[in-house]
1. Would you confirm, using the coordinates I've provided, whether Val71 is open to solvent by 20 Å² or more (accessible area, probe 1.4 Å), near the ligand (Cβ under 10 Å from one of its atoms) and aliphatic (A, V, I, L, M)?
2. Go through region 172-206 and report how many residues are closer than 19 Å to Asp336 by Cβ and out of contact with any Lys or Arg (no Cβ under 7 Å at 6 or more places or on another chain).
3. If you scan region 225-282, which residues turn out to be of a type in the set (A, V, I, L, M, F, W, C), open to solvent by less than 60 Å² (accessible area, probe 1.4 Å) and at pLDDT below 95?
4. Scan region 173-187 for residues that are within 17 Å of Leu307 (Cβ to Cβ) and either of a type in the set (Lys, Arg) or crowded, with 22+ Cβ neighbours inside 10 Å (or both) and jot them down.
5. Pairs, please: C-beta under 8 Å, at least 6 apart or cross-chain, first residue away from the ligand (no atom under 15 Å from the Cβ) and of a type in the set (A, V, I, L, M) and in region 12-33, second open to solvent by less than 70 Å² (accessible area, probe 1.4 Å) and in a loop (DSSP other than H, G, I, E, B)?
6. Mind telling me which of the residues Ala62, Ala52, Ala100, Ala86 ends up being more than 11 Å from the ligand (Cβ to nearest atom), outside the structural domain of Gln197 (by TED's automatic domain parsing) and buried (at least 23 other Cβ atoms within 10 Å of the Cβ)?
7. Could you tell me which numbered condition Val138 fails, if it satisfies all but one of (1) open to solvent by 10 Å² or more (accessible area, probe 1.4 Å); (2) part of a loop (DSSP other than H, G, I, E, B); (3) touching a residue at least 60 places away in the same chain (Cβ under 8 Å)?
8. Would you check if Glu215 is outside any helix (DSSP H, G or I), among the acidic types (Asp, Glu) and open to solvent by less than 50 Å² (accessible area, probe 1.4 Å)?
Amino acid sequence: MNTYRCAIIGVGARGTHQAEMLQRIPEMTLVALCDINAERLKAAGERFGVTALYTDIDAMLAEQRPDIVHVMTLPGVRVEPVVKCAYAGVKALTVEKPMALRPSEAEAMAAAAAETGCLIAVNHQRRYMPHYQQFRQVLADGCIGEVKFVRVTSFSNTLLEMGGHMMDGLLMFLQEADPVEVWATSAGAEGFHSPIQHDAPRRTLARILFPGPIEVLWIHSQDTVSTLGESTIYMHLEYNFWGTEGYAWHTQNEGWGYQRTGMARPVGGPTSWANDHEQAQVEFTRAVARWLDDPAVVHENNLERSLRGFNTLMGMYKSSLTGRPWRYGTPVTDQDVSDLQALLERRERSTN
Ligand SMILES: NC(=O)c1ccc[n+]([C@@H]2O[C@H](COP(=O)([O-])OP(=O)(O)OC[C@H]3O[C@@H](n4cnc5c(N)ncnc54)[C@H](O)[C@@H]3O)[C@@H](O)[C@H]2O)c1
């Protein structure tokens with residue numbers, strides 16, 4: 001087991017949480033913090049006993065030469081630190097979600113990773129919750145027969161707030177299948193002016209077709225009918241699977257289970273964000289060290305997987321723009337994103 005020198009870029013809510021989680025990871029030593037907000041930086045330095053404090057990313061990289069950097073900024077400041085770290089020789093990065101706001105940003109990250117060999121894991125940490133892995137296994141084992149229809153719902157503020165997590169779980173539960181095509185419609189142009197830079201449509205309804213065929217109904221909307229009893233936006237994340245032999249479900253904060261035809265009662269277990277999220281973040285982060293130790297132990301949240309999820313979200317944009325299905329793999333451009341925003345604004349002006 002090697003130990004790695006780590007730095008955090010962005011010590012806001014998420015960055016300080018990551019610093020806390022690092023205290024539980026013996027393979028990683030936090031050596032430097034970087035934030036443009038000097039006051040926050042000082043407070044985080046004092047709290048975590050770190051004296052190498054920087055307001056400038058380049059200076060931090062040049063002087064500290066960290067092995068691993070955790071990029072915990074808001075998404076408006078994402079691609080630049082990632083690319084800088086990769087070219088400065090950082091061995092691995094964890095990158096907060098959403099990994100990008102526009103296709104060119106995701107492409108720049110992928111190019112930097114490919115050119116430098118820097119390993120990148122996107123922080124969809126739910127994959128490291130034991131019940132996510134159990135649920136994936138139940139579906140892989142055919143406990144409900146062949147999956148035919150899926151519904152996934154969430155009601156966060158914009159598609160790039162929870163959409164990445166929604167999509168990542170969906171691809172995980174469908175055993176990393178590539179979608180075939182996506183049809184989508186979006187509304188809520190105000191989401192492109194997100195106060196926390198998660199610029200994206202407010203609501204998106206989609207039909208995603210996977211091989212099988214498996215049909216997925218995707219509902220990302222603040223007025224969705226979703227997990228009973230949930231009132232906070234980040235807790236709304238629910239998957240329902242119908243198969244040839246039964247039904248399975250997974251909610252973020254209530255439980256998961258399945259019932260096969262003939263079973264007297266369902267089998268499953270509890271889920272609880274409050275109980276699960278810290279350990280998942282620790283395991284997500286530790287897995288980066290294991291990946292560096294042995295490249296064969298590939299991280300669950302490797303960049304390639306996250307790109308597939310991100311590109312599928314961009315496919316929803318393209319379909320919402322054209323009104324036609326988007327074939328998986330067809331390029332989506334930054335201009336398409338701007339055009340979708342303009343289209344939604346025009347539509348909403350004409351109906352208000
Ligand atoms: N994976 C999850 O479950 C999860 C949960 C919460 C938040 N997030 C994500 O974490 C990200 C950060 O959210 P947050 O709430 O911590 O934001 P935040 O605003 O609290 O923190 C961001 C920090 O980055 C700093 N910063 C901005 N520009 C910088 C630069 N050029 N160099 C260095 N530092 C810079 C800011 O000063 C701020 O302190 C978001 O993308 C959010 O979606 C993920």
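The values are calculated or read from the model by the stated rules, or taken from the named source; none is laboratory data. These numbers come from a predicted model, not from an experiment. A quick note on method: Cβ atoms are made from the backbone with ideal geometry, for glycine too, and the neighbour counts reach across all protein chains shown. Surface areas here come from the heavy atoms of the whole protein model, side chains and all, with no ligands, DNA or RNA. Shrake-Rupley method; radii C 1.70, N 1.55, O 1.52, S 1.80 Å.
1. In short, no.
2. Count: 17.
3. Within region 225-282, Ile233, Met235, Leu237, Trp273 qualify.
4. Listed by number, the residues that qualify are Leu174, Pro179, Val182.
5. Here the result reads Leu30/Val50; Val31/Val50; Val31/Pro66, each pair linking region 12-33 to a residue that is open to solvent by less than 70 Å² (accessible area, probe 1.4 Å) and in a loop (DSSP other than H, G, I, E, B).
6. Result: Ala86 is the single residue among Ala62, Ala52, Ala100, Ala86 that is more than 11 Å from the ligand (Cβ to nearest atom), outside the structural domain of Gln197 (by TED's automatic domain parsing) and buried (at least 23 other Cβ atoms within 10 Å of the Cβ).
7. Every listed condition holds for Val138 apart from (2).
8. Working: outside any helix (DSSP H, G or I): yes; among the acidic types (Asp, Glu): yes; open to solvent by less than 50 Å² (accessible area, probe 1.4 Å): no.
So Glu215 fails the test.
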